[in-house]
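Read the figures in this text as sums done on the coordinates, not as results from a lab. All values reported here derive from a predicted model rather than from experimental measurement. Note: ideal-geometry Cβ built from the backbone for every residue, glycine included; neighbour counts use all protein chains shown.
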Amino acid sequence: MAKILVVDDESDICDILKFNLENAGHTVETACSAEEAMKQKLSTYSLFLLDVMMDNISGYELAEQIRSMQETATTPIIFITAKSGERDILKGFNAGADDYINKPFRISEVIARVNAILRRVHHSVPEDTFVFENLVLDPDSKRAMIDGNDIGLTKKEFEVLFLLMQKPGKVYSRDDILAKVWPGDVNVLERSIDVSIARLRKKMGEYSSHIVSRSGYGYCFVKQIQE
């Protein structure tokens, strides 16, 4: 599912949206001001939920800044605001919004609209493609991409990542990985798995920590990193 940033100067609203969107399967982070939001690595988010009326920098201004950056120029933005006049709504869309939800809102409507926009954004991604935030694994082209850039995996590195991402959270032993990625190759040692994983992590940059080793068991791909 998606990684979402909620920006609202009312902490109760942030907490409500975070709780319910996470229950719907998303990863959610919050910020209580536009200034706080701009300190985050915005390129890692799949969608922004923005309040309009905030001190200093408004939601409209924040949306315009998000749209001005190449890495977030097409990331969906939804405004959630009490400003419901026609001029306010038009101003929101002109600032780059994909949708506009009025307060007080129904949480079921927020979730439905979030999911609808995410489906629309990713509708062109083939069904057998694995997508996690800005990491995309395409089995057809045998490429792994981050932010649309090919990270240059070797054949074996791609096959290891493909195996792990098929079932996030599932732990694969070294024997499992050897059997699936190096079938019938009796010259490959378990140490080769560790070397391949190390090289893979190096190429994955910020996503390297999502490949986790379970001591005594093997490796898995996790969506949420335990602090």
**Prompt:** Between E71 and E109, what length comes free when the chain is fully extended (0.36 nm per residue of separation minus the Cα-Cα distance, one decimal in nm)?
**Reply:** 10.9 nm
**Request:** Report the FRET efficiency, 1/(1 + (r/R0)^6), for R87 and R119, where r is their Cβ-Cβ distance and R0 is 41 Å, rounded to 0.05.
**Result:** 0.85
**Message:** Through the Karplus equation 6.51 cos²θ - 1.76 cosθ + 1.60, θ set to phi - 60°, convert the phi angles of the range 96-108 into ³J(HN,Hα) values in whole Hz; use x for Gly and Pro.
**Reply:** x, 5, 9, 7, 9, 10, 8, 8, x, 10, 9, 4, 5
**Prompt:** What ³J(HN,Hα) values, in whole Hz, does the Karplus curve 6.51 cos²θ - 1.76 cosθ + 1.60 give for the range 193-200 when θ = phi - 60°, with x put for Gly and Pro?
**Reply:** 5, 4, 5, 5, 5, 4, 5, 5
**Request:** Excluding residues on the same chain fewer than 8 positions from K142, give the lysines whose Cα lies under 29 Å from its Cα.
**Result:** K3, K41, K155, K156, K167, K170, K180, K202, K203, K223
**Asked** Can you work out ³J(HN,Hα) from phi for every residue in the range 207-221, in order, using Karplus 6.51 cos²θ - 1.76 cosθ + 1.60 and θ = phi - 60°, giving whole Hz and x for Gly and Pro?
**Response** 8, 4, 6, 7, 8, 10, 9, 9, 3, x, 10, x, 10, 8, 9
